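*Asks:* Please find one structure pasted underneath; my questions will follow.
Every number here is computed from the coordinates shown, using simple stated rules; none is lab data. Bear in mind the structure is a predicted one, so any value in this text is a computation, not a measurement. Every residue, glycine as well, gets a Cβ built from its backbone with ideal geometry; the counts of neighbours run over all protein chains shown.
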Amino acid sequence: MSGGDTFLGMPAFPVNAAAAVQDSQLRFNLRKATHTIRAKRATVVGELPDWLELRQAGKEIKDHTLRNLERYLLQLEEAVTAAGGHVHWAADAEEANRIVADLVKATGETSVVKVKSMATQEIGLNEALQAEGVTAYETDLAELIVQLGDDWPSHILVPAIHRNRSEIREIFQDKMADWGRAAPEGLTDEPRALAEAARLHLRERFLSTKVAISGANFMIAETGTLVVLESEGNGRMCLTLPETLISVVGIEKLLPSWRDLEVFLQLLPRSSTGERMNPYTSTWTGATEGQDFHLVLLDNGRTQVLADKVGRQALRCIRCSACLNVCPVYERAGGHSYGSVYPGPIGAILTPQLRGMSSELDASLPYASTLCGACYDVCPVAIDIPEVLVHLRAKAPHPRAERLGMRAAGWVFNSPGRLAGAQRLGGRFRRFVPKHLPGPLSAWTNTREIPDIPAESFRDWWNRTDGGAR
Ligand code: SF4
């Protein structure tokens, strides 16, 4: 999302998805990647006989924390402050961006390194910093690919999942020099060569940048500790080397205690990368010797989500991406179709709640699902995504014709006499019912036919034959 582009203003999901499914390379990349990760996940989850108990514990810890969010947030603030850190509260994206930009400018620096963070993508931090003359450098390998390619992330865990090796080699060759150290001569598309090119490019950046920006996977209220899980070690370089560390974290990332963290350190790696344990788990509490620490606590619609009794379960999400990897819609439509930093099933329920459903795109997201329920089955914190999708569909704006149609159907179904009359009428004129509807209604029958109307209703048949006896 570099270069000032944003997701907003994109067409509705069906339009994006219809274009994306035409891209056979994209479909191949997605299928290969999601099937590999989900097979790994299934294996490591199957190893744990108490997986369902762990899942239930994760759900209950999150629900308890969300019910007592205010208390735990204040406890966190006190602990971070006592450990020498500074806590800032941001009601929305604009306020968060302003706080971070002011903090960076106060250091006199014009560049920052970033640990992979969805919260900062959600608020468009890179673009906001750019407007203030500060360049943000992504250091996660996949985020680097996205940034160099002037692209958008399309998966929570693997933001460049839509790119294959040869595309990445081209991006490195063409763009790396614009952002720092150029790619080596004769770069091949071997994974080792690509990783080495990224390592050399990023190493220079780590050693020369004095401000870092991160998110966090979890925050522990009892000690004021932040936790980042990652696979490359790039995050740890960002967290430890710079003189100023600014962490922007959604308020729902809270856990009451270290004991609670134990549950999530088992749930998250197995659900996301299909590993028993993730390679790097970094924890830090307040400021450390030689490093200033600022924590920006981000609301940006979260308290509004919390007020919705059905929708609030989306705040339990630990961003593992397991729901994306099993979703038949995501696998074909890809992450960009969702027009949000949160793609896939979780994006379909989180984005419309965070942003509202006033745009055509956001109002279409609750429909970006077959309601097959695979997402619910794999979710490590048991978010009933289909339940929230149906709930949001009811809240989404509906065309006037649909509302009138539903009201008429309700009137008919409300009375046995009216229903029987409508069925007889339908049976009598069934020859005139078309298979496909015209005009704007054709969207419904383009992919499905209107079923044949029987000549006689079940009730009439029952009465005529005495329940089949005659
Ligand atoms: S909704 Fe559940 S499965 Fe999907 S990313 Fe969040 S925690 Fe993972």
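*Asks:* Using θ = phi - 60° and the Karplus relation 6.51 cos²θ - 1.76 cosθ + 1.60, list the HN-Hα couplings for the stretch 104-118 in order, rounded to whole Hz, with x at every Gly or Pro.
*Replies:* Each residue's phi maps through the Karplus curve to give 5, 5, 5, 7, x, 8, 10, 9, 9, 9, 10, 8, 3, 8, 6 Hz.
*Asks:* Just to be sure I understand: of the beta bridges DSSP finds with both ends in the chain, what percent are antiparallel, rounded to 5?
*Replies:* Details: 10 of 34 bridges.
Restricted to the chain, the bridges split so that about 30 percent are antiparallel.
*Asks:* Here's a follow-up. For the chain, list the cysteines whose Cβ sits under 4.7 Å from no other cysteine Cβ?
*Replies:* Cys238, Cys317, Cys320, Cys327, Cys372, Cys379
*Asks:* Give me, ordered by chain and number, the residues 5 or more places off Trp284 or on other chains with an amide H under 5 Å from its own placed amide H.
*Replies:* It is Leu226, by chain and number.
*Asks:* Sum up the charges of everything whose Cβ sits under 10 Å from the Cβ of Trp179, counting Lys and Arg as +1 and Asp and Glu as -1, but leave Trp179 out.
*Replies:* Numbers: positive: Lys175, Arg181, Arg205; negative: Glu138, Asp178.
Charge balance in the 10 Å sphere: +1.
*Asks:* By per-residue mean of other Cβ atoms within 10 Å, what is the highest-first order of 99-111, 378-390?
*Replies:* 378-390, 99-111
*Asks:* Based on the Cβ-Cβ distance from Ala42 to Asp102, what FRET efficiency comes out when R0 is 60 Å, to the nearest 0.05?
*Replies:* The formula returns an efficiency of 0.80 here.
*Asks:* Tell me, in nm to one decimal, what length is gained between Trp444 and Thr288 on full extension, where the rule is 0.36 nm per residue of separation less the Cα-Cα distance?
*Replies:* Once the chain is fully extended between Trp444 and Thr288, it gains 50.2 nm.
*Asks:* Now a separate question. Kindly put Met357, Met118 in sequence by how many other C-beta atoms sit within 10 Å of each C-beta, fewest to most.
*Replies:* Sorted ascending by nearby Cβ count, the order is Met118, Met357.
*Asks:* Quick check: net charge around Arg407, other residues with Cβ under 15 Å of its Cβ, Lys/Arg +1 and Asp/Glu -1?
*Replies:* +2
*Asks:* Report, to the nearest 10°, how far helix 51-67 tilts away from the longest principal axis of the Cα atoms in the chain, using its own Cα long axis and a range of 0 to 90°.
*Replies:* Between helix and principal axis, roughly 80 degrees.
*Asks:* Counting other beta carbons within 10 Å of each residue's own, what order do His64, His162, His155 fall into, fewest first?
*Replies:* Details: His64 14, His162 25, His155 22.
Ascending Cβ contact count within 10 Å gives the list His64, His155, His162.
*Asks:* Using modelled backbone amide H atoms (1.01 Å from N, in-plane), which distant-in-sequence or interchain residues come within less than 5 Å of Phe218's amide H?
*Replies:* So Phe218 has HN proximity to Val227.
*Asks:* Going Cα to Cα from Lys59, which lysines come in below 22 Å? Please leave out same-chain ones fewer than 8 positions away.
*Replies:* Once the sequence-local lysines are set aside, what remains near Lys59 is Lys253, Lys309.
*Asks:* Given a Förster radius of 35 Å and the C-beta distance between Glu60 and Tyr367 as r, what FRET efficiency does 1/(1 + (r/R0)^6) yield to the nearest 0.05?
*Replies:* Using R0 = 35 Å, I get an efficiency of 0.70.
*Asks:* When only C-alpha pairs under 8 Å and at least 6 residues apart count, what is the relative contact order of the stretch 295-418, in percent?
*Replies:* RCO, the stretch 295-418: 24 percent.
*Asks:* Just how far, in whole angstrom, is the stretch 391-470 from the stretch 207-255 if you go by their alpha carbon centroids?
*Replies:* Each part's Cα centre sits 56 Å from the other's.
*Asks:* Defining a contact as two alpha carbons under 8 Å apart and six or more residues distant in sequence, what relative contact order in percent does the chain show?
*Replies:* Working: 773 pairs, mean separation 97.2, N = 470.
Relative contact order here is 21 percent.
*Asks:* To continue, here is another question. Given 0.36 nm per residue, what is the gain on full extension from Arg428 to Asn463 after removing their alpha carbon distance, in nm? Working shown, then result.
*Replies:* On the way: separation 35, 0.36 × 35 = 12.60 nm, distance 1.78 nm.
Contour length minus the Cα-Cα distance gives 10.8 nm.
*Asks:* Okay, next question. Taking the Cα centre of the stretch 1-132 as origin, work out the dipole magnitude from +1 charges on Lys and Arg Cβ and -1 charges on Asp and Glu Cβ, in debye rounded to 20.
*Replies:* 840 debye
*Asks:* List the lysines whose alpha-carbon lies under 22 Å from that of Lys175, not counting same-chain residues fewer than 8 positions away?
*Replies:* Within reach: Lys114, Lys116.
*Asks:* Also, I was wondering about something else. In what sequence do Phe432, Phe218 fall when counting other Cβ within 10 Å, fewest first?
*Replies:* Phe432, Phe218
*Asks:* Also, I was wondering about something else. Please list 3J(HN,Hα) in residue order for the stretch 413-428, calculated via the Karplus relation 6.51 cos²θ - 1.76 cosθ + 1.60 where θ = phi - 60°; whole Hz, with x for glycine and proline.
*Replies:* 5, 6, 10, x, x, 5, 4, 4, x, 5, 5, 5, 4, x, x, 5
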